[in-house]
Amino acid sequence: MVLGTISIYVHGKEAEPFVAEVKARKNGNGFTTLETWLADRDCLFLKRNNAEPLVVLPWRIWRSLLQRN
């Protein structure tokens, strides 16, 4: 897996890409709680007071969304 910043051209090469950051952890620290909350659901919405919500998607869901375009 590539770590760091990547550009994802969801709407074609002519449109601005999504810019994503890829993180990995050998022991999974920081991911365990997210994985527990997500469980067998398709996505997880995280909302902190006075902050923009975040969305967490399993790879299978992200891949299926990309394949629709």
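Residues of segment 1-22 that are in a loop (DSSP other than H, G, I, E, B) and surrounded by 10 or more Cβ atoms within 10 Å (Cβ to Cβ): TYR9, VAL10, HIS11, PRO17.
Across segment 35-69, which residue is modelled with the highest pLDDT among those that are within 23 Å of GLY12 (Cβ to Cβ) and in a loop (DSSP other than H, G, I, E, B)?
Ranking the qualifying residues of segment 35-69, first place goes to LEU57.
The values are calculated or read from the model by the stated rules, or taken from the named source; none is laboratory data. Keep in mind that what you see is a predicted model, and the values were worked out from it rather than measured. Methodologically, a virtual Cβ is constructed for each residue, glycine included, from the backbone with ideal geometry; neighbour enumeration extends over all protein chains shown.
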